[in-house]
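Rule-based calculations on the coordinates, nothing more; no lab input. Quick caveat, the model's predicted, so the values are computed rather than measured. Here Cβ is always computed from backbone atoms with ideal geometry, including for glycine, and neighbour counts include all displayed protein chains.
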Amino acid sequence: MKRKVWLYLIFFAVLFGAFYVFLLAMIDSSKSLLPVLNAVKPFSFERQDEQIITEKDVAGKVYVAEFFFSTCDGICPRMNRNMKTVSDRFRNEHDFLILSHTVDPDTDNAARLKVYADSLGANINKWWFLTGSKEDLYKAARESYILDDPNNHAANVDEQFLHTQFFALIDKNGKVRGVYDGLKKDEIEKLTTDIKDLLKEKYQGSV
């Protein structure tokens, strides 16, 4: 009788172990639980070194996107001090970037952005400052990175001015996975944690 009980116990232990191994094989432990909020649309902007940057250049990278302007003396300096903290934490991470877009392209050409980037000590290999047409920049902020209400603007883009303190976090496959207040230390800490999480995910191919 005791022998039968032991045989049953061993049988069920082996069965449970096999089932557990099967579950581990089915679950991708590298996949983050962060929700997908949006998908980044194709774009083309000019970097501070006058190179043209498109969505193909960020494919396979985790990156943070923000919108600012170089003459801002309000929230932008605080935002970029916090962004510098993020940049420094991931300075040795090959698969991480920061994309800072100007909302005032009439003022912020590539040369001016280069001076601004240098003033922050930004590494051009990790932190890109981008300019382009106002329409394309604002469209990216609203339709790709969901950093501004698409209905909160005038009909004429020349009469609009976008000013947001929020950062967007994008995964290796061009999906927006989080939005964070760039002025709050606890939000920056959460952003840092989520970046680490997304860096573990696999790149699934071209965007």
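Go through the stretch 107-112 residue by residue and turn each phi into a ³J(HN,Hα) via Karplus (6.51, -1.76, 1.60, θ = phi - 60°); whole Hz please, and just put x for glycine and proline.
Residue by residue, the stretch 107-112 yields 9, 8, 7, 4, 5, 5 Hz.
Most exposed first by the Cβ proxy, i.e. fewest other Cβ within 10 Å, how do 196, 61 rank?
On the way: 196 15, 61 19.
Going from sparsest to densest Cβ surroundings: 196, 61.
Long-range amide H contacts for residue 127: which residues qualify at under 5 Å (H placed 1.01 Å from N, peptide plane, sequence gap of 5 or more or a different chain)?
Residues meeting the amide H criterion: 98.
Please tell me which of these pairs span more than 19 angstrom C-alpha to C-alpha: 56/126; 175/200; 61/185; 41/175?
Those over the limit are 61/185.
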